[in-house]
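Comments concern the structure below.
The values are calculated or read from the model by the stated rules, or taken from the named source; none is laboratory data. Remember, predicted model here, so these are calculated numbers, not experimental data. We place every Cβ from the backbone using ideal geometry, glycine too, and count neighbours over all the protein chains shown. Side chains included, ligands, DNA and RNA excluded: accessible areas come from the protein's heavy atoms. Shrake-Rupley method; radii C 1.70, N 1.55, O 1.52, S 1.80 Å.
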2 protein chains.
Amino acid sequence: MTSEETLEQFNLRKTKIRIAVLDSLSQSAVAQSYSTMQNALHEFDRITLYRTLLTLTEYGLIHKAYEENGESFYARCFGCTGQLHNHEHLHLKCSSCGGVECVEISDQLKSSLAQLPFQEINISAKGACKACASA
Amino acid sequence: MTSEETLEQFNLRKTKIRIAVLDSLSQSAVAQSYSTMQNALHEFDRITLYRTLLTLTEYGLIHKAYEENGESFYARCFGCTGQLHNHEHLHLKCSSCGGVECVEISDQLKSSLAQLPFQEINISAKGACKACASA
DNA sequence: TAGTTTTTGCAACATTGTTGCATTTGTTGC
DNA sequence: GCAACAAATGCAACAATGTTGCAAAAACTA
């Protein structure tokens, strides 16, 4: 599904920056930081980018995958809604390239997590991402 | 062990703010945010607080337990060094009082995590902390 | 295409992170 | 306790991000 179709499905206006952000995150293997996106989308105002990220997060189209030292990394969200996120993965911050990758987790780990009496469980880790590990 | 003795053990100078920060975090059941500490320790300069947190983190006396929306929460660190942290717990952000609590995790979950080929594995969750759950 | 609603871009300000530097404080040897 | 040295503090200054208000522009609807 194209970014335009996705926005239409959620009854969101198809503006240039929303399409650009969704396109960019959809094509990216890793989650992107605010500053990275700001550089890539420098034709747009930074406040507009900020508000676009808020809106897309609110509707569950993207989510903040990782946050470190005040830097936020956003990823395209599939199978999530504004309320419920698909947490069948962990967020791996690559020690080599600095990118943030979503990694599937084992069934054993999933069942262990399912027993916890908490919501919004989030696992992050550091190591080598797929691209850097195979390089 | 008192905060003064701890600082001595690590060959760190026993300054007022270091003792105040260690005392505050040692007595606190939950991790404290930068702004909370800034308010509590307003007789000290905010840059000094910032550098104190850096130094104590570097020596493994405290650690950044949780980070959300640019707000960092610090906790007293026991059984950790600058290099290796004791990650036998998860960080629970209380939906009610906003505090961050360290919660012990099950052996099953520990063994699941031990199988992951990553370092610095960190789990955070949202729910009711001990104090708020029993209230 | 005109009218309505939403979004954008800009100004403005708050908070946090960060560095340089002069002053103050902690520590050590006498 | 005091002098001397090293380290830490407090302040100025600036960068990045977060956040709100508002007029202009763009997207949608009839």
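Starting from a label point 7 Å past Cα on the Cβ side, list the distances from B:K16 to the same position in the other copies, nm, shortest first.
Those separations, rounded to one decimal, come out as 5.5 nm.
How many nanometers, to one decimal and shortest first, lie between the label point of A:E4 and those of its other copies, if labels sit 7 Å from Cα toward Cβ?
Those label-point separations list as 7.3 nm.
Counting only Cα, what are the radius of gyration and maximum Cα-Cα distance Dmax of chain A, in Å?
So, for chain A, Rg and Dmax equal 15.4, 47 Å respectively.
With a 1.4 Å probe and all protein chains kept in place, how do B:D23, B:D107, A:D45 rank by accessible area, largest first?
These residues rank, largest area first, as B:D107, A:D45, B:D23.
Longest segment of chain A with no trypsin sites (Lys or Arg not before Pro) in a DSSP loop having at most 15 other Cβ atoms within 10 Å?
In short, A:15-135.
So the label point sits 7 Å from Cα along the Cα-to-Cβ vector; using that for A:E68, what distances do you get to the other copies, in nanometres, sorted shortest first?
Copy-to-copy label distances for A:E68: 2.0 nm.
Please list, by residue number, every one of the GluC sites (Glu not before Pro) in region A:2-73 that is coil in DSSP and has at most 16 other beta-carbon atoms within 10 Å.
A:E43
Just from its helices, what would the mean residue ellipticity at 222 nm be for chain B, if runs of 4 or more DSSP H residues each count -39500 (n - 2.57) and the sum is divided by every residue, rounded to the nearest 500 deg cm²/dmol? Write down the numbers at each step before the final one.
Values: 6 runs with 52 residues, N = 135.
Dividing the helical sum by the residues of chain B leaves -10500 deg cm²/dmol.
Give me the one-decimal Kirkwood hydrodynamic radius in Å for the protein assembly as shown, with the sum taken over alpha-carbon pairs. Kindly include the intermediate steps, with their values, before the conclusion.
Details: mean 1/r = 0.0489 Å⁻¹.
By the Kirkwood definition, the hydrodynamic radius is 20.4 Å.
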